[in-house]
Amino acid sequence: MIDSHCHLNDDKLFIDLDGVIARGKAVGVETFIVPGYDLSSSIRAVDIAEDNEDIYALVGIHPHDALTYNDEVETVIEDLLKKDKVVGLGEIGLDYFYDNSPREKQREVFIKQLELAKKANKPVVIHSRDAFLETFEIIRDYGQGLNGVFHCFSGSADSAMRVIKELGFFISLGGPVTFKNAKQPLEVALRIPLEFLLIETDSPYLAPHPRRGKQNEPAYLPYIVDKIVEIRGEEIVEATINNTKRLFKI
C-alpha cells in the first residue's frame, strides 16, 4: 500500500518517526507521501524524504497559513520543488470552514501556488473544505495543464465525478469512509472509477473506525482499504499503488 497523504512532519508523529514508519511497514505500507502545510513543515517533509528511501515529500502553504505567504516564502517553495524527492505541491487550496485566513488571501495564495506548480511541472494536492465550487473553478481557470488530487475528499459523489471528468484529477479517500455516520464518502467510494482512486490516512488526523478519536498513523491504512473493498466488492491495493505512482511519477 501507499499512504498518499500522511503528516509524518507533524510533531505528534515526528517524535516517534522510526516507530511510526516501522508500524506502517509491518502492515504493508511500503511508501509514504508527506505533505507540507507551512514553510517549516515543508522543509521538514523534505528532510524526512531525503533521509528515507520509501518516503516522498510535498511542499506548499495550506489555506490556514495563507497569511504567512510572501515573496521570500514563495522563493523557498520554488527552490524546494526542484529537489528530487519532492513529488508535488501541497497541500494547498481553500478552507471556508475554519476561515483561519481571510478568504481573499486564501484565493490569492492558492492561485500563486498553482502557477508555481505549472512552472515546476509538478502535480498539486488540494485541500478543500466548505469551498468545493470555488476550489473547482480556480483550478479550472488557473490550473490548466496541471494534474492533481483532491485529498481526503469530503464532497458529494456528483462533485467527485466533476473533478474527474472536467479536471482529470484524482480523488483520495481516508478515515471518514469508515465512520459509522458516513454517507457521502461511501457513495464516492462506490461511484468513482478505480483508476482515479487514491488512499490516505491524513495522519495524525481523522483516525478510521475503530480507532476514531485516537491519534492516527499510517499503520491504520488497512482499515480504510478494507472498508472500500467491502463497498466496491473489488480489490483496490494494486490499483491505488499504480494510480499514486502515476500521479506523482514515483
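With under 26 Å from Leu173 (Cβ atoms) and of a type in the set (Lys, Arg) as the only criterion, which of Lys122, Lys82 stands out?
Lys122
Residues are listed down the side, and each one gets a yes or a no for (1) at pLDDT 95 or above; (2) more than 18 Å from the chain's Cα centre (by Cα); (3) of a type outside the set (Phe, Trp, Tyr):
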{"position": "Ile171", "(1), (2), (3)": "yes, no, yes"}
{"position": "Gly174", "(1), (2), (3)": "yes, no, yes"}
{"position": "Asn181", "(1), (2), (3)": "no, yes, yes"}
{"position": "Ala189", "(1), (2), (3)": "yes, no, yes"}
{"position": "Glu200", "(1), (2), (3)": "yes, no, yes"}
{"position": "Tyr205", "(1), (2), (3)": "yes, no, no"}
{"position": "Arg211", "(1), (2), (3)": "yes, yes, yes"}
*Check on Ser154, out of contact with any Leu (no Cβ under 6 Å at 6 or more places or on another chain) and hydroxyl-bearing (Ser, Thr, Tyr)*: yes
*Meets criteria (outside any loop (DSSP other than H, G, I, E, B), hydrophobic (A, V, I, L, M, F, W, C) and in contact (Cβ under 8 Å) with a residue 60 or more places away in the chain) for Val20*: yes
*Given the conditions (1) surrounded by fewer than 23 Cβ atoms within 10 Å (Cβ to Cβ); (2) in contact (Cβ under 8 Å) with a residue 40 or more places away in the chain; (3) under 26 Å from Pro222 (Cα atoms), which single one is not true for Glu108?*
(3)
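Quick check on this structure: which one of Val46, Val59, Val29 is within 17 Å of the chain's Cα centre (by Cα), aliphatic (A, V, I, L, M), modelled with pLDDT of 95 or more and within 15 Å of Ala219 (Cβ to Cβ)? Even if it seems obvious, please write down each step before you answer.
Working: Val46 fails: within 15 Å of Ala219 (Cβ to Cβ); Val59 fails: within 15 Å of Ala219 (Cβ to Cβ).
Exactly one residue qualifies, and that residue is Val29.
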*Here are some residues: Leu114, Leu89. Which one is surrounded by 19 or more Cβ atoms within 10 Å (Cβ to Cβ), modelled with pLDDT of 95 or more, among the hydrophobic types (A, V, I, L, M, F, W, C) and in a helix (DSSP H, G or I)?*
Leu114
*Looking at (1) in contact (Cβ under 8 Å) with a residue 12 or more places away in the chain; (2) hydrophobic (A, V, I, L, M, F, W, C); (3) within 23 Å of Ser172 (Cα to Cα), find the lone condition where Leu133 falls short.*
(1)
*asked:* Which numbered condition in (1) under 29 Å from Asp84 (Cβ atoms); (2) at pLDDT below 95 is the only one that Phe248 fails?
replied: (2)
*So which residues in the range 27-42 are surrounded by fewer than 23 Cβ atoms within 10 Å (Cβ to Cβ), in contact with a helix residue (DSSP H, G or I) (Cβ under 7 Å, 6 or more places away or on another chain) and part of a helix (DSSP H, G or I)?*
Leu39
*asked:* Of the conditions (1) among the hydrophobic types (A, V, I, L, M, F, W, C); (2) in a helix (DSSP H, G or I); (3) surrounded by fewer than 24 Cβ atoms within 10 Å (Cβ to Cβ), Phe97 satisfies every one except a single condition; which number is it?
replied: (2)
*So, of the residues in the range 6-26 that are within 16 Å of the chain's Cα centre (by Cα) and of a type outside the set (D, E, K, R), which turns out to be surrounded by the most Cβ atoms within 10 Å (Cβ to Cβ)?*
Cys6
*Looking at the range 202-216, which of its residues are within 20 Å of Phe150 (Cα to Cα) and in contact (Cβ under 8 Å) with a residue 60 or more places away in the chain?*
Asp202, Ser203, Pro204, Tyr205
*Regarding Val29, is this residue more than 28 Å from Phe97 (Cβ to Cβ) and of a type in the set (A, V, I, L, M)?*
yes
*Could you run through the range 74-108 and say how many residues are among the small types (Gly, Ala, Ser) and over 19 Å from Ile55 (Cα atoms)?*
2
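The values are calculated or read from the model by the stated rules, or taken from the named source; none is laboratory data. Here the structure is a predicted model, which is why all the values come from computation and not from measurement. In this analysis, Cβ positions are derived from the backbone assuming ideal geometry, glycine residues included, and neighbour counts consider all displayed protein chains.
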